[in-house]
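The values are calculated or read from the model by the stated rules, or taken from the named source; none is laboratory data. Please read these numbers as outputs of a predicted model, since none were measured by experiment. When we count neighbours, we look across all protein chains shown, and the Cβ atoms used for this are built from the backbone with ideal geometry, even at glycine. Ligands, DNA and RNA are stripped out before the accessible areas are found, and what is left, the full protein with its side chains, is counted by its heavy atoms. Shrake-Rupley method; radii C 1.70, N 1.55, O 1.52, S 1.80 Å.
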Amino acid sequence: MSDTATTASAPAGEPAPALGAPEPRQRRLTSRGPRKKRTSLVLQALMVLMVVYTLLPLYWLTVNATKSNGELFRSNGLWLGSEISLWDNIVTTVTYQDGIYLTWLFNTALYSVVGAVGATVICAWGGYALAKFDFPAKRLVRAIVFGAITIPATALAVPTFLLFAELGITNTRLSIIVPALVSPFGLYLMTVFAAASIPDSLLDAAKIDGANAWTTFWRVSFRLMAPGFATVLLFNLVHTWNNYFLPLIMLNDPSLYPLTVGLNQLNNQVTTGANLEPVYNVVLTGSLLAVVPLIASFLFLQRYWQSGLAAGSVKQ
Amino acid sequence: MAAVSAPAAPRRRPPRDWTGLAFVAPFLLVFGVGVVAPLGYASGLSLFQDQLIGGRSFVGLQNYVDAATDPRFLDGISRVGIFLVVQVPIMIGLALLVALALDSGRVRGMRFMRLGIFMPYAVPSVVAALMWGFIYGDQFGLVGQLNAATGLALPSPLSQSWVLPAIGNVVTWEFVGYNMLILYAALRAVPEELYEAAEIDGAGEIRKAFSVKLPALRPALWVATLFSIIGSFQLFNEPNVLQTLAPGSISTHFTPNMYAYQLAFNANQVTYSAAVAVVLGLITVVVAYTAQRMTARQESR
């Protein structure tokens, strides 16, 4: 498995240098290994400061999600309160307003999984085509789609809303899922991965064996592209899981909200007093629960996003 | 028969093979629905105006003329302009510093550091803004507690004059690790021979950083900067979320995207919101194109 991942992230395409990142690293470890460098106090201190900066807010959130509402205002924000109410908070959060939090969690999971898996499969097909086939208008397709990499999703939210409003399909699940299926950056990455990991000879062999293009894709090519597929899937998952602007503008039925929109709305009600109970503990615990799945998947799938980032560093 | 023709035939593909197009067709379909159609529709819509009497009528570029002199829109543009001039260099500079420190091999606990600094990237920007918003706040926030405990009078980060730096901090926190990893990956790809050559020439660590590492990083630095600039122009999530906690400091036209969002829900301003969105999209394209040209020129040198 790890072998395939390294191969896929070190392709032979034009943007070679940074794509080969994992490999030179090994080279350097062996060639530099024996001369062990002294730890630099200045650099070490700098790095520790940075880690404290990046982890402190997450620590704060975790600690404060263990406190009851009253305790929140009484205790030191950087340390635990007199009692640990994490479990109570979780129960309150998932049962609050007839379990609206679980509805939001379900929606987020639905939008992310359908959107990200769909987008990644579509990117895999497209990347395979761009890397391995000649077809009419191929250069045009490449130019347009890769030109669109720099268009951020936020720039499309208002135009998409205006179009969908005209068509009368706002406030539906589809209005969130369909835009999530588009990932020009994913297509770019899959093209790079496909070019690097699928030998032409294998495709020719499959053709001679009489396999049609569809069977060849799933039986031969897809398996070779699997590590790249996982990378793109992870990035698409993060992207849809964190999506906020589009659902905010598109939806007005709370039972369709994803977590991001739901949490912010809850915070709105609590802060402005529109919600008579000041349930800060629900907002905090809900935020913590929303972060856990992504952090967990990043920890477990490290190899994939690291190779994807290496590829991303040379995209132009 | 197959045995005879097989060795000669396979080298040349037929001139018109539609298989590839079939594989890329689903992408083109969703690209059409999700990118081309909305942009096309919004561009078209931006050429009209809704009147109370007479309904929707074609007005040419009038909406764009209005936008060019709209104080609210210009206010938002200049705010994200200031934001990017300050925040982007700080964030990229920090990311560069950390990437160089990691690459120097003189820091312990590398794996943990790398993961820890990258972790905020996995946090939804809404949660990041909520979390920091509470930390900034004076109710059970750290700033309020610090003031109470020490008798200091630190200004509230959510006050009018501090809210933009406060947002800059949230954005830096979210993306510094992502940029660090992009730069770090590029550093890792520098061939060992370059360092050896520099060492033979008597270069020290700092000299190596400036003469070998920075030039090698240039493309990655450009990409990171380009995407950060584009992100700044699109600023929306963080100020939108913090608005609840700081309604007095963050107006509805605080950033151009917030303005477009507000306009889109105002029945009489829908076509104008389309124009604002199109202008923002065009700025993105121009920035990306300019940056690309500059990279290309540097590379050809």
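Inside segment B:206-224, can you point out the residues that are touching a residue at least 40 places away in the same chain (Cβ under 8 Å) and either surrounded by 15 or more Cβ atoms within 10 Å (Cβ to Cβ) or closer than 23 Å to B:Met119 by Cα (or both)? Residues satisfying the conditions are B:Ala209, B:Lys213, B:Leu217, B:Pro219, B:Leu221, B:Trp222, B:Val223, B:Ala224. The residue that is farthest from A:Ala129 (Cα to Cα), counting only those in segment B:16-27 that are open to solvent by 30 Å² or more (accessible area, probe 1.4 Å) and at the interface with another protein chain (Cβ under 7 Å from one of its Cβ atoms), is B:Arg16. Do we find that A:Thr231 is more than 9 Å from every other protein chain (Cβ to nearest Cβ), touching a residue at least 60 places away in the same chain (Cβ under 8 Å) and touching a helix residue (DSSP H, G or I) at 6+ places or on another chain (Cβ under 6 Å) in this structure? Judged against the criteria, A:Thr231 is a match. Within 21 Å of B:Val279 (Cα to Cα), under 21 Å from the mean Cα position of the chain (by Cα) and of a type outside the set (D, E, K, R): is that true of A:Thr150 in this structure? Answer is yes for this residue. Restricting attention to segment B:122-166 and to residues that are surrounded by fewer than 22 Cβ atoms within 10 Å (Cβ to Cβ) and hydroxyl-bearing (Ser, Thr, Tyr), the residue that is nearest to the other protein chains (Cβ to nearest Cβ) turns out to be B:Thr150. The number of residues in segment A:256-284 being more than 10 Å from every other protein chain (Cβ to nearest Cβ) and at pLDDT 95 or above comes to 2.
In segment B:28-50, of all residues being under 22 Å from the mean Cα position of the chain (by Cα) and under 18 Å from A:Ala143 (Cα atoms), the one that is most open to solvent (accessible area, probe 1.4 Å) corresponds to B:Val36. Mind listing just one residue for me: the one in segment B:105-121 that is within 7 Å of chain A (Cβ to nearest Cβ) and not in a helix (DSSP H, G or I) and, of those, nearest to A:Trp79 (Cα to Cα)? If we take residues in segment B:105-121 being within 7 Å of chain A (Cβ to nearest Cβ) and not in a helix (DSSP H, G or I), then B:Arg108 is nearest to A:Trp79 (Cα to Cα). The residues of segment A:122-141 that are within 7 Å of chain B (Cβ to nearest Cβ) and not in a helix (DSSP H, G or I), listed by number, are A:Phe133, A:Asp134, A:Phe135, A:Pro136.
I need the helices (runs of 4 or more DSSP H) fully contained in segment A:3-70, keeping only those with at least 3 residues that are closer than 30 Å to B:Pro191 by Cβ and either at pLDDT below 50 or among the aromatic types (Phe, Trp, Tyr) (or both).
Helices (runs of 4 or more DSSP H) meeting the threshold: A:16-19, A:22-32.
If I filter segment A:172-182 down to residues being open to solvent by less than 30 Å² (accessible area, probe 1.4 Å) and more than 9 Å from chain B (Cβ to nearest Cβ), which single residue comes out as farthest from A:Leu110 (Cα to Cα)? The extreme case among them is A:Ser175.
When you look at A:Phe106, is it open to solvent by 20 Å² or more (accessible area, probe 1.4 Å), more than 11 Å from every other protein chain (Cβ to nearest Cβ) and among the aromatic types (Phe, Trp, Tyr), yes or no? Yes. Residue-level check: of (1) within 12 Å of chain A (Cβ to nearest Cβ); (2) not in a helix (DSSP H, G or I), B:Asn240 misses just (2).
I'd like to check something: does segment B:204-227 contain any residue that is at the interface with chain A (Cβ under 10 Å from one of its Cβ atoms), assigned to a loop (DSSP other than H, G, I, E, B) and not β-branched (Val, Ile, Thr)? No: zero hits. Checked across segment B:184-199, the condition of being more than 13 Å from every other protein chain (Cβ to nearest Cβ) and free of Cβ contacts under 8 Å to residues at least 60 places away in the same chain holds for at least one residue.
Taken over segment A:200-226, the criterion of being under 18 Å from A:Ala119 (Cα atoms) and touching a Lys or Arg at 6+ places or on another chain (Cβ under 8 Å) is satisfied by A:Ser221 alone. When residues of segment A:107-154 are filtered for being touching a Ser or Thr at 6+ places or on another chain (Cβ under 7 Å) and touching a residue at least 60 places away in the same chain (Cβ under 8 Å), how many remain? Going through segment A:107-154 one residue at a time, the tally reaches 10. Among the criteria (1) open to solvent by 40 Å² or more (accessible area, probe 1.4 Å); (2) in contact with a Gly (Cβ under 7 Å, 6 or more places away or on another chain), the one B:Ala189 does not fulfil is (1).
Looking across segment A:252-289, the residues that are touching a helix residue (DSSP H, G or I) at 6+ places or on another chain (Cβ under 8 Å), touching a residue at least 24 places away in the same chain (Cβ under 8 Å) and not in a helix (DSSP H, G or I) come down to A:Tyr257, A:Pro258, A:Pro278, A:Val279. Name the residue that is least open to solvent (accessible area, probe 1.4 Å), counting only residues in segment A:299-308 that are touching a residue at least 24 places away in the same chain (Cβ under 8 Å) and of a type in the set (A, V, I, L, M, F, W, C). Checked segment A:299-308; the qualifying residue least open to solvent (accessible area, probe 1.4 Å) is A:Trp305.
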